[in-house]
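K.L.:
Mind looking over this structure? Questions follow.
The values are calculated or read from the model by the stated rules, or taken from the named source; none is laboratory data. All values reported here derive from a predicted model rather than from experimental measurement. Every residue, glycine among them, receives a Cβ derived from its backbone with ideal geometry; neighbour counts consider all protein chains shown. For accessibility, only protein heavy atoms count, side chains too; no ligands or nucleic acids. Shrake-Rupley method; radii C 1.70, N 1.55, O 1.52, S 1.80 Å.
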Amino acid sequence: MTRTLLPILALSVTASAAFADGDHAVHQDGAVLSQPDEAVVASFDILAAHAHRAANQVTFQMTTNGVAGADTPEPVGALGDAPVHSYVWPTSLDPAAVGFEGETGILALAATSHPDFDDTPLVDENQDGDPANDGLIWHSHWVVLTPTENCGPGALAVRDIAEGETPKMPATWPGLPIFLDSPGFTPLFDGPEIKLTVGFSSDVELAGATYDGVTAALRVNANIHAPLLCVTDVFDIASGDLSLPGVLQ
């Protein structure tokens, strides 16, 4: 079963840590808890989304109802229409916190797999000497998400960079015409768990930032751009309503 990513505006809401809604709740440590759903593929069925801060480092974590990372997309053999699977932590942080142009959308951390292309030119994930053939291996991105009608009513996309536009990008931006960073943080998988530890500049205020957990599929536009990368299916949402109820302590 898949769900359209609605309501989109709920992603920008800072929710109370006391949030609770039937099958969804927020634990006292700030984690977002969710009941299992047999209609969702187990490796993408979220049981909990966590984020834990130590000074200027944050470990984002997701607990699934199966083996996290076990299911990857089937390749189509081309960049156009290429599928992407992802574990995503949308946040309330401004995109400027990691080097993007500020106030440009929803900053989200993602772990992705996409066998048809490689968007981490600085990292050789499979250590074979070729940094351009690793797209299938789960890897990390910061992305900025925005509502994009060209992806469908109420759908999200990774924000495009229009021709002639020169917004601020992180130093590890891979050069694609979208708000996507390839910082090289390695996702760690352990049975049902996936973890990503990321670092922030010491001047970024992290305490009190909110987050959620989402598992989703994206697809590259057949025309490659305008928009380039749309969210097509949502497998599961930790909070159930994208209200970002998790809170960094």
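K.L.:
From the list Leu176, Leu244, pick out the single residue that is on the phi > 0 side of the Ramachandran plot and touching a residue at least 24 places away in the same chain (Cβ under 8 Å).
P.N.:
Leu244
K.L.:
Cβ-Cβ under 6 Å, sequence separation 6+ or interchain: first residue in segment 215-239 and modelled with pLDDT of 95 or more, partner in a loop (DSSP other than H, G, I, E, B) and surrounded by fewer than 19 Cβ atoms within 10 Å (Cβ to Cβ). Which pairs?
P.N.:
Qualifying pairs under 6 Å: Val220/Leu79; Asp233/Thr2.
K.L.:
List the strands (runs of 3 or more DSSP E) inside segment 124-205, counting only whole elements, that have at least 3 residues being within 15 Å of Val88 (Cα to Cα).
P.N.:
Hits in segment 124-205: 139-147, 156-158, 193-199.
K.L.:
Ok, one more. Scan segment 56-103 for residues that are on the phi > 0 side of the Ramachandran plot, small (Gly, Ala, Ser) and in contact (Cβ under 8 Å) with a residue 40 or more places away in the chain and jot them down.
P.N.:
Gly69, Gly99
K.L.:
Kindly check whether there is at least one residue in segment 132-152 that is in contact with a His (Cβ under 8 Å, 6 or more places away or on another chain), open to solvent by 60 Å² or more (accessible area, probe 1.4 Å) and modelled with pLDDT of 95 or more.
P.N.:
Within segment 132-152 (the criterion being in contact with a His (Cβ under 8 Å, 6 or more places away or on another chain), open to solvent by 60 Å² or more (accessible area, probe 1.4 Å) and modelled with pLDDT of 95 or more), the answer is yes, since at least one residue qualifies.
K.L.:
Filter segment 164-208 down to residues that are among the β-branched types (Val, Ile, Thr) and within 19 Å of Gln249 (Cβ to Cβ) and give me whichever is least open to solvent (accessible area, probe 1.4 Å).
P.N.:
Val198
K.L.:
Right, next: For segment 60-104, which residues satisfy the criterion of being of a type in the set (A, V, I, L, M) and more than 20 Å from Asp241 (Cα to Cα)?
P.N.:
Selection gives Val67, Ala68, Ala70, Val76, Ala78, Leu79, Ala82, Val84, Ala96, Ala97, Val98.
Okay, residues lined up against (1) more than 22 Å from Ala217 (Cβ to Cβ); (2) part of a loop (DSSP other than H, G, I, E, B):
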residue: Ala25; (1), (2): yes, no
residue: Asp37; (1), (2): no, yes
residue: Ala49; (1), (2): no, no
residue: Thr59; (1), (2): yes, no
residue: Met62; (1), (2): no, no
residue: Asp71; (1), (2): no, yes
residue: Pro75; (1), (2): no, yes
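K.L.:
Considering every residue within segment 96-111, establish whether at least one is at pLDDT below 95 and either closer than 12 Å to Leu180 by Cβ or open to solvent by 60 Å² or more (accessible area, probe 1.4 Å) (or both).
P.N.:
No.
K.L.:
Also: Can you confirm whether Ala108 is touching a helix residue (DSSP H, G or I) at 6+ places or on another chain (Cβ under 7 Å) and in a strand (DSSP E or B)?
P.N.:
It is false that Ala108 is touching a helix residue (DSSP H, G or I) at 6+ places or on another chain (Cβ under 7 Å) and in a strand (DSSP E or B).
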